[in-house]
Amino acid sequence: MKFLPTSFRLSRKLLIIVTGVVVLTGASGAAAIFVGRDALLGPPAEQVSGAACTTVSTVRLDRNGQQWLRKYVRSDAKDGDVRIKTALRVAGAVSNHEEADLYQVILLDAAGPVNRADMRGRAIGAEVLFARNPSAIPGMAAPFVARYTTGQPAGNGEFYGERKELSLDEIKTIVTAMKERADCIDPHAVEEAGGHREAKAEGGHGEASAEDGSHEVAASEH
């Protein structure tokens, strides 16, 4: 059997090919150390489209002939930027399968209050309002209002920190970049015979009528 001479060297072309194969098949981990994971694979999904969430309750209000839909959701997201992206994603998802003049998504922490009367003020980590015709909604001058508290939640689920409201340009940038547009998981959804879903909230609260809703549009301000 003949062996290659010790003076054998790979040609420049072959060396480039071999190097390319190694990079594509086995060097992604090492490359990530030097280049950065985000540069190779993109940012984590929750930094683009928000985090997973769970539906707490959905409330329908009849205000002067208008239908207002308010949805309470929970999330473990600790970062304010992720929370507002989650609320924006859910608002878009709800508006695609529910008819209403005004949509309001209120995001609570996983350790937040159970009773709906307590789901206001510092219990709100992020809030989004959306109206296709904002001029018809009192107090709304634009299709979207999106705001959140920058601080992380306390042990009881309350939020302390700076209140930030996004500009329309910031909202547009976030929504356009989203890759996932799913609604929250509803663990209490019941499939009815006709294929309709009935939302049942924690603590016995379900879908409510106007008489059940005492909050105003800007629930976080109360």
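Structural remarks
- Bridges between two residues of region 46-212, per DSSP, are antiparallel at a rate of about 75%.
- Sequence-separation-based contact order of region 46-212, relative, with Cα cut under 8 Å and 6+ spacing, percent: 28
- Label-zone membership for region 104-139, site residue 154, 7 angstrom Cα→C-beta point, backbone N under 12 Å: 122-123
- Projected label points at residue 132 and residue 185, each 7 Å from Cα along the beta carbon direction, are separated by 3.1 nanometres.
- Shape category assigned to region 46-212 from the gyration tensor of Cα positions, a/c cut at 1.5: rounded
- Only Lys, Arg (+1) and Asp, Glu (-1) charged, at Cβ; region 119-171 dipole about Cα centre in debye: 180
- If the chain linking residue 163 and residue 117 were pulled fully straight, counting 0.36 nm for each residue of separation and taking away their Cα-Cα distance, it would gain 14.4 nm.
Every read-out reported here was derived from the displayed coordinates using simple, explicitly stated rules and does not represent laboratory data. Keep in mind that what you see is a predicted model, and the values were worked out from it rather than measured. Please note: Cβ atoms are built from the backbone with ideal geometry, for glycine as well, and neighbour counts cover all protein chains shown.
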